[in-house]
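Report on the following structure.
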Amino acid sequence: MNAALDWLPRHRLMVIDDQRMGDLGILAEDIHVELIEGELFDMAPMSSLHAGTVSYLIRLLTRSVGDQSVVWVQNPVALGENSEPEPDVALLRPRADFYKTRHPHAGDVLLMIEVADSSLRYDREVKLPLYARHGITEVWIVDLALSRLDVHRQPEAGRYQDSQRLTSPIVLAPLAFPDLLLDLSELF
């Protein structure tokens, strides 16, 4: 945005506006955007490495958590009135309707995972603080460029108090499933 225009008031979108635009077909289906703090952000096209990593995580998590969680893939999560990010993968509390009647909210999220190649800065500087502000208990950022996993836990005052950077071999249990040791050796 042009810095000379920063002083101009803007119309902030709400989640309900974003959903209505989708329902009405205002945004073309091939346009991939996320609503973050009232603004629509273009999403980068997905590389084969990114897509394959997401597929690996889907298979691993679906097999591991079974019916104990809903594996939510690149679908919206409503965070307040002004944000509706679409994390690569999320583990949600089970619901009989599989979230058909409403998008999940922060309290429904057990684990949020972002897979990052070209989106690493956006995931770290924009989405991670958003998740912390909304109290998402645990966030993993899979850094494909450097073959490492950043694990963020204990959100407090808009930041994660516990952050770890892990490299292969990685065996990790999500906070929501402390007895579930996930072997992430094929992640990178």
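Things to note:
- Candidate values (i) 13.4; (ii) 11.8; (iii) 10.3 were compared with mean projected area of the Cα convex hull in nm² computed on the shown model; the agreeing label is (ii).
- Max mean-square fluctuation residue, GNM over the chain, Cα-Cα springs under 10 Å, options Ala145, Ala116, Ala96: Ala96
- Taking the C-alpha atoms only, the angle from helix 48-65 to the longest principal axis of the chain is near 60 degrees.
- Taking other Cβ atoms within 10 Å as a rough exposure proxy, Met14, Met112, Met46 sort from fewest to most as Met14, Met46, Met112.
- Sum of side-chain charges, Arg133 neighbourhood, beta-carbon under 10 Å (Lys, Arg +1; Asp, Glu -1): 0
- Residue exposure proxy: His50, His103, ordered by other Cβ atoms within 10 angstrom of their Cβ from fewest to most, comes out as His103, His50.
- Spin-label pair Ser163/Ser147, simplified geometry with 7 Å Cα→Cβ offset, distance in nm: 2.3 nm
- Under the simplified labelling scheme, the Asp67-Ser185 pair shows an inter-label distance of 3.1 nm, with each label point 7 Å from Cα along Cα→Cβ.
- Principal-axis tilt of helix 15-24 within the chain, Cα atoms, nearest 10 degrees: 80 degrees
- Under a 5 Å amide H cut-off, with hydrogens placed 1.01 Å from N, Leu110 pairs with Leu91, Leu92, Arg93 among residues at least 5 apart or on other chains.
- Label point of Ile26 set 7 angstrom out along Cα-Cβ; within region 67-107, amide nitrogens under 16 Å from it belong to 82-84.
- Centroid-to-centroid separation of region 53-67 and region 93-138 [C-alpha atoms, Å]: 16 Å
- Sequence of Ile58, Ile113, Ile26 once ranked by neighbouring C-beta atoms within 10 Å, starting from the fewest: Ile26, Ile58, Ile113
- Computed [θ] at 222 nm, helices only, for the chain once each DSSP H run of length n ≥ 4 contributes -39500 (n - 2.57): -5500 deg cm²/dmol
FYI, it's all coordinate maths here, none of it is from the lab. All values reported here derive from a predicted model rather than from experimental measurement. Glycine gets a Cβ as well: all are built from the backbone with ideal geometry, and neighbour counts include every protein chain shown.
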